[in-house]
Ligand SMILES: *Cc1c(COP(=O)(O)O)cnc(C)c1O
């Protein structure tokens, strides 16, 4: 272990925790100072929202901290059911179920649906939890080129008559690009495959009212399996899947990560439910987030930086690993929390800064940040 850790350090791949000294807001306290947070997945800034906290606090006082069992034994309370109903409604589906994390959802859903002899077609840049779910399923996994539907169709045609599933991130977590959903669904329908989209970075972010990929492409109800997480824009914890009654009943009986794990605490469920309600009542946060993204991209372009995104994730290409670290470090000194993403998360020599915006960032903060990023890049040349 020590040898392996030493090697990671030598290759600059050793990972350290960054400990925050405040709640997850658009500003955080880190190493004793105020930083503008430009890296959080809490896109709608719900992690520390007053109305969410007040509602969760009431549920906490009534129902306590733990759930006391797995969902199918003693761990289902009213609030679990209410959240699932709210999720199904939000996503326009018959039913929904909550897993303990998005990771547990993917690693539970895929092995429940596919097994030996089946095929899973998986995008080359899918999230690690999808990759693990594929492995656990024992189905043959065929990886197609990133968001390349022609390559996907070629690969489907190489396996005539085999049943299975196509799975893709809705919004890809490193590049912030969006799946070609119309074409993916067309291929699934044409070849009799299930379609599954991971909306971890799409829910609360894309579509006019934050409902995700289907709303973005105006193709509501067309995907078979909509999976996502409550830990990002929703600001709580937990994974979920939405679909037909049959799908959800099947998964409740078959998904091992759902069956054999203690369910999430009522407090967490309450926080997610309230955040969803707030989005449904008034999606101003979603709209503010989308405005911020377009504004920030324009500010970056004025600095001569290539930046273009429709999601909360804005990659800023740097290149050399060391240079990316330098830029990130320089920005940290000026109070900007924006990490360098390096190999193996992205390819060697393609290191980048990964900016992630929040609905509550102000235009002025973002303009200043873009300027600081431009300067830091110029200075590190
Ligand atoms: C974050 C993420 C997950 C995992 O969700 P958690 O709730 O954090 O476990 C799954 N898929 C994608 C695409 C993600 O970005």
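Data table
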{"quantity": "Cα convex hull of the range 129-272, projected area averaged across orientations, nm²", "calculated": "9.3 nm²"}
{"quantity": "Residue-span extension gain [residue 13 to residue 333] - 0.36 nm each, minus C-alpha spacing", "calculated": "113.0 nm"}
{"quantity": "Per-residue Cβ neighbour rank within 10 angstrom, fewest leading, 53, 9, 254, 232", "calculated": "9, 254, 53, 232"}
{"quantity": "Taking the convex hull of Cα positions in the range 128-177, its mean projected area over all directions (nm²)", "calculated": "3.8 nm²"}
{"quantity": "Prolate/oblate/rounded call for the range 226-283, Cα gyration tensor, a/c under 1.5 rounded", "calculated": "oblate"}
{"quantity": "Relative contact order %, the range 142-274, counting alpha carbon pairs below 8 Å whose residues are six or more apart", "calculated": "16 percent"}
{"quantity": "Quarter of Cα convex hull surface for the range 28-130, i.e. mean projection, nm²", "calculated": "10.9 nm²"}
{"quantity": "Alpha-carbon Rg/Rh ratio, for the range 333-381, with Rh computed the Kirkwood way", "calculated": "1.01"}
{"quantity": "MRE, 222 nm, helices only [DSSP H, n ≥ 4, -39500 (n - 2.57), over the chain, to nearest 500]", "calculated": "-13000 deg cm²/dmol"}
{"quantity": "Alpha-carbon gyration tensor eigenvalues x 5, square-rooted, for the range 183-224, Å", "calculated": "21, 10, 6"}
{"quantity": "Proportion of all alpha-carbon pairs of the range 200-302 beyond 22 Å (%)", "calculated": "42 percent"}
{"quantity": "Dimensions in Å of the chain - Rg and Dmax from alpha carbons", "calculated": "21.0, 60"}
{"quantity": "Extension reserve of the residue 163-residue 291 stretch, reckoned as 0.36 nm per residue once the Cα distance is removed", "calculated": "41.9 nm"}
{"quantity": "The range 158-239, Rg to Rh (Cα coordinates; Rh as Kirkwood inverse mean 1/r)", "calculated": "1.00"}
{"quantity": "Footprinting exposure proxy for 125, 256, 347 (fewest neighbouring C-beta atoms within 10 Å first)", "calculated": "347, 256, 125"}
{"quantity": "Extended-chain gain in nm, criterion 0.36 nm per residue less alpha-carbon gap, residue 3 and residue 308", "calculated": "105.6 nm"}
{"quantity": "Along each principal axis, Cα extent of the range 294-337, largest first, Å", "calculated": "27, 23, 19"}
{"quantity": "Cα centroid of the range 30-61 to Cα centroid of the range 104-133, whole Å", "calculated": "31 Å"}
{"quantity": "Residues 13, 325, sorted so that the one with the fewest Cβ neighbours within 10 Å comes first", "calculated": "13, 325"}
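No lab work stands behind these numbers, since they all come straight from the coordinates. What you see is a predicted model; the values in this text were computed from it and never measured. Don't worry about glycine lacking a Cβ; one is built from the backbone with ideal geometry, like all the others, and counts go over all protein chains shown.
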